[in-house]
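Chemist: There's a structure below that I have some questions on.
Nothing in this text is a laboratory measurement; each read-out follows from the coordinates by a stated rule. Model, not experiment: these values are computed from the prediction. Here Cβ is always computed from backbone atoms with ideal geometry, including for glycine, and neighbour counts include all displayed protein chains.
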There are 2 protein chains.
Amino acid sequence: MRVLPLFFGLCWCALAGAATPPPAPTQASGAGAVFAAELQATANRLVGQALQGNTAYAIVESLATEVGPRLAGTAAEARAREWAVAKLQALGFSNVHIEPFEIPLWLRGVETAEVLSPYPQPLVITALGASPATAPEGVAGEVVAFASLAQLQRVPAGSLAGKIVFIDEMMTRTQDGSGYGVAVAKRLGAGVAAARAGASAALIRSVGTGRDRFPHTGLMQAADENAAPAVPAAALAAPDADQLRRLLGRGQPVSVKLVITPRSLPPAPSGNVIAEIPGSQAPAEIVLVGAHLDSWDLGTGAIDDGAGIGIVVGAAQLLLEHLPHKPRRTVRVVLFGAEEVGYGGARAYALEHAQELPRHVIAAESDFGTGDIWRFDTAVAPERIAAAEAIGELLRPLGIGPGSNSARGGSDLGYISKAGVPVVDLKQNGWDYFDLHHTANDTLDKIAPGDLDQNVAAYAAFIYLVADSEVSFR
Amino acid sequence: MRVLPLFFGLCWCALAGAATPPPAPTQASGAGAVFAAELQATANRLVGQALQGNTAYAIVESLATEVGPRLAGTAAEARAREWAVAKLQALGFSNVHIEPFEIPLWLRGVETAEVLSPYPQPLVITALGASPATAPEGVAGEVVAFASLAQLQRVPAGSLAGKIVFIDEMMTRTQDGSGYGVAVAKRLGAGVAAARAGASAALIRSVGTGRDRFPHTGLMQAADENAAPAVPAAALAAPDADQLRRLLGRGQPVSVKLVITPRSLPPAPSGNVIAEIPGSQAPAEIVLVGAHLDSWDLGTGAIDDGAGIGIVVGAAQLLLEHLPHKPRRTVRVVLFGAEEVGYGGARAYALEHAQELPRHVIAAESDFGTGDIWRFDTAVAPERIAAAEAIGELLRPLGIGPGSNSARGGSDLGYISKAGVPVVDLKQNGWDYFDLHHTANDTLDKIAPGDLDQNVAAYAAFIYLVADSEVSFR
């Protein structure tokens, strides 16, 4: 790790509270081998602008207030696309348009659960996305608890006829979100594994880190690899999973009843919203920054992923507003549809833009809430690591440390990353993210106006440096 | 305020982590004029026992797990009485019995709300207790916002025909709970005031201090003093009140639809559960400690008032277990029914025990969650203040400061206080109490096993000092 010239840190920090422009760099930094001093100075100015104020919070505020929940395939998601087109046009972006596609529509219905015996009482649940419905009158059975999905997967097929399984695995709180990767397995696989075991339904402890009484929804596998359907599956709020654990600990059989009536409907319209700052010299070369426009239905999607929308749109808007000239390359903002229900927008984008993908210089997505960025990870060709690290060095004064070259690139970048587009992760601190993720409590009040500024600053510098240079990461 | 001999503070603190008995007092403290040194030493030992461990947490754990929600008049509240009788008998109390009475039964139904225009989206609400129902298809109307109940009460009668009122008053967070007294006015009066104004329904910002998406229920006035009925009324979760405020701030008319279908049913059985430690020398003289057994229906009533049940039963149980002899006077534990729906148990107790009330030496109720006690207030005859303060002095090493002689005595003590029974408040810190109060999030996980120990210690000392002395507060 190189140490940056001190003036970077000083002037950026000073700018957080002052309106004077930063001094131009007076010597080449370590990044000088990749980015000219003039580019660095301009990136520096954008950072200063971002820290003095930007449009990110106003964008999230507008989306979370004027649209609110926007489940993929619904009229609300369509309103979000209209909102996005109007907002991006008003902010001065070019080529603002919707790229439509269709996705399967799943709509939540009634969802209730109760302990029938030995201690009758309601439980707070939410159906997992793509879950089949129970009968309207529900399904009842004795609960059989498992410490993990793997433990359930090991029971003999058909051995749990008439039972309701309960996977009571905790999620580990981590800064880097790695606890989610472990915990989400039970959400994805519980319904299929319970079906294989012959059970009538599956309950999981919510995939989340919070202690409050919010169940966390999220997508599940509706069928296994042989198209054998899953059983109805729902997540218990953490206090209800605790309660069920305590009840089972009393030593008597525990029976529960579960009623969930979601509907799986024919394919419905979704779409990606695209906006550009056309490149001045190499418009065919594309720097892509994305976030996802859809949300789960329970909250208003302020955190997931209104924050990301605010960050990437707010960062790109700084280039529009504050650069004396358009960058060399095209900056493309992609607001993906249908991320939560299976990456429909990501797939549609990769198909629609297959011819262009070789000209995508780099891509990044913001989809991890409001935490500050603390690490810069890349996934570029080995001989381009130095160029990627040069960006990382310029982000260091924002408190962003060096990472690895094993970035994943955000869930909407999976298809294009596989197709060879280099990606980076401006990795946010996710310590609290899974307290709110996929719950009704994902609402605007969880974001204070200045919370997104460091993210906007980092994205603005990143976008600008790549877009106004000739650096390649291929 | 007198300064206690230092050994009190030292030995009690030390005992919190050690199993050695405290040294006996070696000199009369300021309280010596009222309580003999032997009494003080015994109270001191009980405090030490409480801080080393007590049954309070296990009692709440059992109630919140094995009964859960226990709305007054329901089968769940009846199960809570059975639970209480079994628990109190098992702990060794005498004269354990139920004193039945009836109360009007109100049962929650469907409760949904949505913004119809200009930005359609759902809102999270809960019906207020005793609210009438809307039509099954709901009621819709333009929202008219008021900053307070008083502001709504000032509009001309009948002037808001077809409107839905929204009282958007915040509650102030306070240590002593005084913010509740102010904020609760809108909950009690919104439905009646909205009806008088001609509105179709009333929404209030939840009476609570939390930021999470839990609406707070609680009792409202179902009719005014002339028996004119209230309109249907519901509380918005704080994030939804914020959202509605923002939507109204956009300057366009905002229409909402509200569906609540609670049912008001004929009187149903409730009851108080009573248990005693019969006095050894003056059994007709009664020291009453209470808490309420019923809860609202949304949470499991761990905080409100499972904690209080744990504290007073746990404290009295210490006397049963650790005293070498029964106290002079009778210690009576009263677990009131139907507190939340209008103090039905309080009224029933006052009627049932009217003849005995002159022999009630003093009464205290624990009904404010899990916060430490920080002040000792009394409501005794002026010439008995010194005696009451002597108790307060003995509680000082637990971090409990002196208060005033204007105690209110807890909501279940209102009737007997009016009838002349002296009351005290062992006043808990309520800073966080109204984050959880009357919400679905009032669950056991909010209490850690040691959280109640200081309360149990204070109650044990208080109960013992009064019960084993001849002091009078009349």
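Chemist: Less than 18 Å apart at the alpha-carbon level, and either on another chain or at least 8 residues along: which aspartates and glutamates does that give for A:Lys87?
Modeler: Straight-distance partners of A:Lys87: A:Glu61, A:Glu66, A:Glu77, A:Glu99, A:Glu276, A:Asp294, A:Asp305, A:Glu321.
Chemist: Where the only charges are on Cβ atoms (+1 Lys, Arg; -1 Asp, Glu), what is the dipole of the protein assembly as shown about its Cα centre, to the nearest 20 debye? Please list the in-between numbers first.
Modeler: Values: 70 positive and 94 negative charges, 32 e Å.
Charge dipole of the protein assembly as shown: 160 debye, to the nearest 20.
Chemist: Further question on the same structure: Please average, across the residues of A:59-71, the number of beta carbons from any other chain that are within 10 Å of each residue's own beta carbon, and give a whole number.
Modeler: Mean shielding count: 3.
Chemist: With the dipole of chain A worked out from charges on the C-beta (+1 for Lys and Arg, -1 for Asp and Glu) around the Cα centre, which of A:Gly53, A:Gly129, A:Leu357 lies farthest toward the positive end?
Modeler: Checked the options; the winner is A:Gly129.
Chemist: Taking amide H positions as placed in the peptide plane 1.01 Å from N, state which residues far from B:Ile103 in sequence (5 or more) or on other chains have amide H under 5 Å from it.
Modeler: Placed amide hydrogens put B:Ala268, B:Ser270 under 5 Å from B:Ile103.
Chemist: Sticking with this one: Pull out a ≥ b ≥ c, the square roots of the eigenvalues of the alpha-carbon gyration tensor of segment A:270-344, then state rounded if a/c is under 1.5, prolate if not and a/b is larger than b/c, and oblate in the remaining case.
Modeler: Since a/c reaches 1.5 but b/c is at least a/b, the shape of segment A:270-344 is classed as oblate.
Chemist: Can you give me the long-range amide H partners of B:Arg173? Hydrogens built in the peptide plane at 1.01 Å from N, cutoff under 5 Å, separation of 5 or more residues or another chain.
Modeler: Long-range HN contacts for B:Arg173: none found.
Chemist: Do any of A:Lys446/B:Lys186; A:Lys427/B:Lys446; A:Lys186/A:Lys427 go past 30 Å between their Cα atoms, and which?
Modeler: A:Lys427/B:Lys446
Chemist: Please list, in order along segment B:324-333, the HN-Hα scalar couplings obtained from phi with the Karplus expression 6.51 cos²θ - 1.76 cosθ + 1.60 (θ = phi - 60°), rounded to whole Hz, x for Gly and Pro.
Modeler: Each residue of segment B:324-333 in turn: x, 9, 5, x, 4, 9, 7, 9, 10, 9 Hz.
Chemist: Rounded to the nearest 500 deg cm²/dmol, what is the calculated helix-only ellipticity per residue at 222 nm for chain A, with -39500 (n - 2.57) per DSSP H run of length n ≥ 4?
Modeler: Using -39500 (n - 2.57) per qualifying helix, the result is -9500 deg cm²/dmol.
Chemist: As I understand it, the value is the acute angle between the Cα axis of helix B:385-395 and the longest principal axis of the Cα atoms of chain B; what does it come to in degrees, rounded to 10?
Modeler: 90 degrees
Chemist: Apply the Karplus parameterisation 6.51 cos²θ - 1.76 cosθ + 1.60, with θ equal to phi minus 60°, to every residue of segment B:197-212 and state each ³J(HN,Hα) to the nearest whole Hz, in sequence, with x for glycine and proline.
Modeler: Coupling constants for segment B:197-212: 7, x, 6, 8, 6, 10, 10, 10, 5, 3, 6, x, 10, x, 9, 7 Hz.
Chemist: Output the 0 to 90 degree angle, nearest 10, between the alpha-carbon long axis of helix A:307-322 and the longest principal axis computed from the alpha carbons of chain A.
Modeler: 10 degrees
Chemist: Just to verify a number: FRET efficiency for A:Ala135 and B:Glu102, C-beta to C-beta distance, R0 = 60 Å, to 0.05?
Modeler: About 0.95, to the nearest 0.05.
Chemist: Note the full-extension length gain between B:Glu142 and B:Leu320 as 0.36 nm times their separation in residues minus their Cα-Cα distance, in nm to one decimal. Walk me through the intermediate numbers first.
Modeler: Values: separation 178, 0.36 × 178 = 64.08 nm, distance 6.05 nm.
Answer, rounded to one decimal: 58.0 nm.
Chemist: How do A:Phe101, A:Phe146 line up, fewest other C-beta atoms within 10 Å first?
Modeler: So the residues, fewest neighbours to most, are A:Phe101, A:Phe146.
Chemist: A follow-up question, please. Kindly give the distances from B:Asn226 to its copy-mates, label point to label point, with each label point 7 Å from Cα along Cα→Cβ, as nm values to one decimal ordered shortest first.
Modeler: Reported distances to equivalent positions: 7.5 nm.
Chemist: Can you give the charge dipole size of chain A about its Cα centre, rounded to the nearest 20 debye, using +1 on the beta carbon of Lys and Arg and -1 on the beta carbon of Asp and Glu?
Modeler: Roughly 740 debye for chain A.
Chemist: For each of A:Trp83, B:Trp431, count neighbouring Cβ atoms within 10 Å of the residue's Cβ, then give the residues from fewest to most. Please report the intermediate quantities before stating the final value.
Modeler: Numbers: A:Trp83 21, B:Trp431 15.
If I rank by nearby Cβ atoms, fewest first, I get B:Trp431, A:Trp83.
Chemist: Given points 7 Å out from each Cα along the Cα-Cβ axis, report the A:Arg245 to A:Ala419 separation in nanometres with one decimal.
Modeler: Here the modelled spin labels are 4.4 nm apart.
Chemist: Mind checking which chain A residue has its Cβ closest to the axis relating A to B, and how many whole Å off it is?
Modeler: A:Asp212, 3
Chemist: Got a sec to turn the phi values of segment B:256-269 into Karplus ³J(HN,Hα) couplings, 6.51 cos²θ - 1.76 cosθ + 1.60 with θ = phi - 60°, whole Hz, x for Gly and Pro?
Modeler: Computed from phi, the couplings for segment B:256-269 are 10, 10, 9, 10, 9, 10, x, 10, 9, 10, x, x, 10, x Hz.
Chemist: So what's the Cα pair-distance distribution over chain A, bin width 10 Å, in %?
Modeler: The distribution over chain A is 4, 21, 28, 22, 14, 8, 3, 0, given as percents.
Chemist: On to the next question. Taking the Cα centre of segment B:187-332 as the origin and placing charges on Cβ (Lys, Arg +1; Asp, Glu -1), which of B:Pro229, B:Leu203, B:Gly249 is farthest toward the positive end of the dipole?
Modeler: Of B:Pro229, B:Leu203, B:Gly249, it is B:Gly249.
Chemist: Next up: Could you give, in nm with one decimal, how far B:Arg250 is from each other copy of that position, shortest first, with labels 7 Å out from Cα toward Cβ?
Modeler: In nanometres, ordered from closest: 4.8.
Chemist: Estimate the FRET efficiency between A:Ala41 and A:Gln355 by the formula 1/(1 + (r/R0)^6), using the beta-carbon distance for r and 35 Å for R0, to the nearest 0.05.
Modeler: Calculated transfer efficiency: 0.45.
Chemist: Follow-up question, since we're still on this one. Packing-wise, with mean Cβ within 10 Å as the measure, how do B:362-373, B:221-232, B:129-140 rank, highest first?
Modeler: B:362-373, B:129-140, B:221-232
Chemist: Relative to the other copies, what are the label-point distances for B:Ala284, with labels 7 Å from Cα along the C-beta vector, expressed in nm at one decimal and sorted shortest first?
Modeler: In ascending order, 10.7 nm.
Chemist: In addition: Checking a compactness column here: for segment B:147-276, what do you get for Rg(Cα) / (2.2 N^0.38 Å), N being the number of residues?
Modeler: Values: Rg = 16.3 Å, N = 130, 2.2 N^0.38 = 14.0 Å.
Ratio of Cα Rg to 2.2 N^0.38 Å: 1.16.
Chemist: Mind checking the angle between helix B:75-90 and chain B's longest principal axis? C-alpha axes, 0 to 90 degrees, to the nearest 10.
Modeler: 10 degrees
Chemist: For A:Ile391, A:Ile311, which order do you get if you count the other beta carbons within 10 Å of each Cβ and list the fewest first?
Modeler: Ranked by crowding around the Cβ, least crowded first: A:Ile391, A:Ile311.
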